[in-house]
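What follows is one structure encoded as structure tokens, with my remarks underneath.
The values are calculated or read from the model by the stated rules, or taken from the named source; none is laboratory data. These numbers come from a predicted model, not from an experiment. In this analysis, Cβ positions are derived from the backbone assuming ideal geometry, glycine residues included, and neighbour counts consider all displayed protein chains.
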Amino acid sequence: MQIAYELAERDFIEAYSAHRNRNGLSKWVRRIFIAIMGVFTMVILFGFLVKPSLQAAKGLLPFFGLMVMWVAALWILPLWNTPRQFRKQPGARGPRTALFDSSGTHWRWNGGSSDIEWKNYVRAVEGKNLFLIYSSPACFNILPKRALGDEQVGPVRELLGKNVPLSK
């Protein structure tokens, strides 16, 4: 099966999100951490509102600075950095083709190519709008579902499921 497509900036953003949520544990640990920090922040803020003082405000300043840093690290920085990666990576733009056969995948893009046997893939992740096919724990190829016809999504899912551990 041969698929021709071009990556878009939105594909990179969605790929980052799918990569970040690639397994239930990482997704739920982050969510639980954020919930605990939110509850902790509300309790501290409630305590300050009950008994406000300049000394308490000075004591809480480092905590709220840390919260701002966590929000920036978890949400703002990735949303800012991912589009920049796309724009600064010439190989990410332009036409691409992916050929899936019994031996593996054959990727062609403006300026390069790659042929990878199925045994070299460690996993595949299906996101809402794309497939990520990993050749290492953090290195993956992006295949947007919009490049596939409705009749191709199922066969690609089956082919990946047969040759690579697939998670949704």
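So which residues in region 115-168 are assigned to a strand (DSSP E or B) and among the aliphatic types (A, V, I, L, M)?
Across region 115-168, the qualifying residues are Ile116, Ala124, Val125, Leu130, Leu132, Ile133, Ile142, Leu143, Leu166.
Output the number of the condition that Lys119 fails; it satisfies all remaining conditions of (1) touching a Phe, Trp or Tyr at 6+ places or on another chain (Cβ under 7 Å); (2) farther than 22 Å from Arg146 by Cβ.
(1)
Trp80 passes all but one of (1) outside the structural domain of Ile34 (by TED's automatic domain parsing); (2) more than 13 Å from the chain's Cα centre (by Cα); which number fails?
Failing condition for Trp80: (1).
How many of the residues making up region 105-152 are more than 15 Å from Ser17 (Cα to Cα) and touching a residue at least 40 places away in the same chain (Cβ under 8 Å)?
8
Would you check if there is a residue in region 55-66 being closer than 24 Å to Ala124 by Cα, in a helix (DSSP H, G or I) and not assigned by TED's automatic domain parsing to the domain that holds Ser113?
No; the residues of region 55-66 include none that is closer than 24 Å to Ala124 by Cα, in a helix (DSSP H, G or I) and not assigned by TED's automatic domain parsing to the domain that holds Ser113.
Can you name the condition, by its number, that Asp101 falls short on among (1) surrounded by 11 or more Cβ atoms within 10 Å (Cβ to Cβ); (2) at pLDDT 75 or above; (3) within 19 Å of the chain's Cα centre (by Cα); (4) not polar (S, T, N, Q)?
For Asp101, the exception is condition (3).
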